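Colleague: Can you read through this structure? Questions will come right after.
The values are calculated or read from the model by the stated rules, or taken from the named source; none is laboratory data. Not measured: the values here are computed from a predicted model. Cβ sites come from the backbone with ideal geometry, for glycine too, and all protein chains shown count toward neighbours. Note: accessible area is taken over every heavy atom of the protein model, side chains too, but ligands, DNA and RNA are not part of it. Shrake-Rupley method; radii C 1.70, N 1.55, O 1.52, S 1.80 Å.
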Amino acid sequence: MNKMMLKAPAKNMIDPFGRAVTYLRVSVTDRCDFRCVYCMSEHMTFLPKKDVLSLEELETLCGAFIDKGVRKIRLTGGEPLVRKDVMVLIERLGARVKAGDLEELTLTTNGSQLTRFSKDLYAAGVRRLNVSIDTLDPEKFATITRWGRLPQVLDGIDAAVEAGLKIKINAVALKGTNEEEISSMIEWAHARDHELTLIETMPLGEIDDERTDQYLPLSKVRRDLEQKWTLTDLPDRTGGPARYVKIEETGGRLGFITPLTHNFCESCNRVRLTCTGQLFMCLGQDDDADLRAILRNDGPEALADAIDEAIGRKPKGHDFVIDRNNSAPAVKRHMSLTGG
Ligand code: SAM
Ligand code: SF4
């Protein structure tokens, strides 16, 4: 979308720290066809269907945020593409991009369904996807995701590229698992013109494994990479937690998402909506607003007021810690509920 054609919002949402909230992440389902070890336990209990908003309700909520100045929406989950009929929502939100109400509609996906959906995503107005791959070793991939298979995801990426979608790869840095492989993932991603972003594990929700065993600080990864590559800091900011470098040898961009080693909250421009209509003003805090009750029982004005009230409670930042004394999750909900 040409920014010149973007319509100005009626008003903007400004939080108590003067940050404009222009970015909404929507977890459209808490369900998933994978069971990644850092994200879920193997035997997850998912939300009862009655608690989950219909696609029409999700569209209404997204519309209320667009009216209030949200310019980018990212659909996530759980796995967004396993939600039944999710293309209906994607097409309706894509129409808001085409109408100039929204700058961008994107998805974060595990890639398992991309051979099926890529063409439809492009036709709906999606231009970029984040695909999560933590390793290029098929056996390790099956171990990390428990239920996922690497060839299916790689085929999905090929289909997405063929459909015209720009791909960014997200990889969670895991101690002793993909630690040795990060350089080869950089080579693989940059050779295909995919940006790569590394993520630190965050203490969200109970999982079967010990988080301190998985946690690999990206400060260490960066030091290791500097032995092999020339990293040049880039000034690029997205209002999110990522900081970027250019790898001079490949010419590609590498992102670091470091909620634990660096605090990234001062420029936070986003809020997160769950598939039950809970609005979380911060990924790392428990405070939320229940928009489902208002959506189901009251009118659009009450909904707009509730959103304003919630934005007025957006905290300055989170206080994640992972160490031996703090192995319990900082927040009880899983990443799959709030969306990554
Ligand atoms: N299923 C989709 C996927 O995997 O891309 C979208 C949802 S997933 C929750 C979004 C992102 O969060 C993924 O890149 C995943 O690796 C990451 N993630 C999940 N749990 C995490 C955790 N505890 N710490 C850090 N990243 C996590
Ligand atoms: Fe599913 Fe994504 Fe969580 Fe993996 S990280 S279990 S793919 S929601």
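Colleague: Which FRET efficiency, nearest 0.05, do Glu179 and Phe17 yield, Cβ-Cβ r, R0 35 Å?
Modeller: 0.45
Colleague: Still on this model: Name the trypsin sites (Lys or Arg not before Pro) in the stretch 138-236 that are in a loop by DSSP and that have at most 16 other C-beta atoms within 10 Å, would you?
Modeller: Those that pass, being in a loop and sparsely packed, are Arg146, Arg149, Lys175, Arg192, Lys228.
Colleague: In addition: Please work out the average accessible area per residue across the chain, using the 1.4 Å probe convention, and give it in Å².
Modeller: 44 Å²
Colleague: Let me cross-check Phe46: its accessible surface, 1.4 Å probe, with only protein heavy atoms counted, in Å² to the nearest 10?
Modeller: 40 Å²
Colleague: A further question follows. Ignoring ligands and nucleic acids, what accessible area does Val221 show with a 1.4 Å probe (Å², nearest 10)?
Modeller: 10 Å²
Colleague: Here are some pairs, Lys175/Lys316; Lys84/Lys314; Lys72/Lys168; Lys119/Lys168; Lys140/Lys166; Lys49/Lys140; which of them have Cα atoms lying more than 28 Å apart in this structure?
Modeller: Where the Cα-Cα span goes over 28 Å, the pairs concerned are Lys175/Lys316; Lys84/Lys314; Lys49/Lys140.
Colleague: Something else: Leaving ligands and nucleic acids out of the surface, order Asp287, Asp208 by accessible area at 1.4 Å, largest first.
Modeller: Correct descending sequence by accessible area is Asp208, Asp287.
Colleague: Can you give the angle from 0 to 90° between the axis of helix 300-311 and the longest principal axis of the chain, with both taken from C-alpha atoms, to the nearest 10?
Modeller: The angle comes out at about 40 degrees.
Colleague: Which is the longest run of the chain containing none of the GluC sites (Glu not before Pro) found in DSSP loop states (not H, G, I, E, B) with at most 16 other C-beta atoms within 10 Å?
Modeller: In the chain, the maximal stretch lacking such sites is 43-205.
Colleague: Helix 150-163 sits at what angle to the longest principal axis of the chain, using alpha carbons and giving 0 to 90 degrees rounded to 10?
Modeller: Once rounded, one gets 60 degrees.
Colleague: Here's a follow-up. How big is the gap, in Å, between the Cα center of the stretch 86-156 and the Cα center of the stretch 181-204?
Modeller: 17 Å
Colleague: Counting DSSP beta bridges with both partners in the stretch 15-338, what percentage is antiparallel, nearest 5?
Modeller: 30 percent
Colleague: Return the single residue from Gln227, Gln152, Gln214 with maximal mean-square fluctuation; model: Gaussian network over the chain, springs between Cα atoms under 10 Å.
Modeller: Gln227
Colleague: May I ask you to rank Asp236, Asp158 by accessible area, largest first, using a 1.4 Å probe over the protein chains only?
Modeller: Numbers: Asp236 55, Asp158 95 Å².
Descending order: Asp158, Asp236.
Colleague: At 222 nm, what value in deg cm²/dmol follows for the chain if DSSP H runs of at least 4 each add -39500 (n - 2.57) and the sum is divided by all its residues, to the nearest 500?
Modeller: Helix contribution divided over all residues of the chain: -9000 deg cm²/dmol.
Colleague: Could you state the angle between the C-alpha long axis of helix 182-191 and the longest principal axis of the C-alpha atoms of the chain, as a value from 0 to 90 degrees rounded to the nearest 10?
Modeller: Relative to the chain, helix 182-191 is tipped by roughly 70 degrees.
Colleague: For a test of the definition: using alpha carbon positions, the gyration tensor, and the 1.5 limit on a/c, classify the stretch 156-292 as rounded, prolate or oblate.
Modeller: Verdict is prolate for the stretch 156-292.
Colleague: Give the long-range amide H neighbours of Lys166: residues separated by 5 or more places, or on another chain, with amide H under 5 Å away, using H modelled in the peptide plane at 1.01 Å from N.
Modeller: Amide H to amide H, under 5 Å and 5 or more residues apart or across chains, Lys166 pairs with Arg128, Leu129.
Colleague: On the protein heavy atoms, probe 1.4 angstrom, tell me the percent of accessible surface of the stretch 15-338 carried by carbon and sulfur.
Modeller: The nonpolar share, carbon plus sulfur, comes to 49 percent.
Colleague: Shape of the chain from its Cα gyration tensor (a ≥ b ≥ c, root eigenvalues): rounded if a/c is under 1.5, otherwise prolate when a/b > b/c, or oblate?
Modeller: Rounded, because the longest to shortest axis ratio a/c is under 1.5.
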